[in-house]
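The values are calculated or read from the model by the stated rules, or taken from the named source; none is laboratory data. Every value quoted in this text rests on a predicted model; they were computed, and no experiment measured them. Don't worry about glycine lacking a Cβ; one is built from the backbone with ideal geometry, like all the others, and counts go over all protein chains shown.
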Amino acid sequence: MRINPETGNLRGRPNGAHVEIKCASCNGHFSVQPYRIRTARFCSLRCKKRYRSSDKPEGIIRPVKGMINDYGIDKTGRIWSFKSNRWLLGVINTQGYVQFELNGKSYLGHRLTAKAWVKNPKNYPEINHKDGHKTNNYYMNLEWCTSSQNQKHACQMGLQKPRYKLSDAEVSYIRKTYEFRKNTYEMLAKELGVCKDTIRRAYKGETWKNL
Ligand SMILES: [Zn+2]
């Protein structure tokens, strides 16, 4: 047999001869051609990336509340497992948020990051992604807010369809209380946590025509 000058691999090796080896990242078995036994370490690119990022935590990690001995979280929202000594990958859930499985339970990544890294002096219940990207859990991108602030922001960022956001009662409230220069669209928008446009259209009857 001769060596292929370009790849350094042996030429003329039949394709069928595969060997099972173990993935260094997920411990799963996968098969490679024999010439790759020494160089192949991962079953997939995903495993390779995971393995690479599994060095010791850089920078500061803070304990995850209630799971101090098991998990730590850094400013970017990565979760370090003290049990398996690596960063957890997390998944994107159906709503587009990063989700982690910690001790058998599901947690939203942005909530964990905010709880560990973002101050919440007014004890607000929700968290807003300032740039509108649900997967960007860098602590500077998160802020605690009220439910209506969160909705308003989502509306401004085009993340929500405004027309579904008012109840019938709110629409009649808008039509009753709107007053030119006194109780403006802007004030009502702030009060109800939607954008100005939603208020204007509801008031003028462009939306909720049935009421
Ligand atoms: Zn693997």
Query raised in the report: Quick check: anything in segment 124-141 assigned to a helix (DSSP H, G or I) and surrounded by 14 or more Cβ atoms within 10 Å (Cβ to Cβ)?
Result: yes
Query - Verdict on G72 being at pLDDT below 90 and either surrounded by fewer than 17 Cβ atoms within 10 Å (Cβ to Cβ) or not aliphatic (A, V, I, L, M) (or both) - result: no
Query raised in the report: Could you give every pair whose Cβ atoms fall below 6 Å, whose first residue belongs to segment 176-205 and is touching a residue at least 12 places away in the same chain (Cβ under 8 Å) and β-branched (V, I, T), and whose second residue is buried (at least 18 other Cβ atoms within 10 Å of the Cβ) and outside any helix (DSSP H, G or I), counting only separations of at least 6 or pairs across chains?
Result: V194/K165
Query raised in the report: Do we find a residue being at pLDDT 80 or above, in contact with a Gly (Cβ under 7 Å, 6 or more places away or on another chain) and of a type in the set (D, E, K, R) anywhere in segment 198-211?
Result: no
Requested in this report: Pick out the one residue from N210, N183, N103 that is assigned by TED's automatic domain parsing to the domain that holds N69 and among the polar types (S, T, N, Q).
Outcome: N103
Query - Every residue from segment 168-211 that is surrounded by 15 or more Cβ atoms within 10 Å (Cβ to Cβ) and among the hydrophobic types (A, V, I, L, M, F, W, C) - result: V171, I174, M187, L188, A189, L192, V194, C195, I199, A202, W208
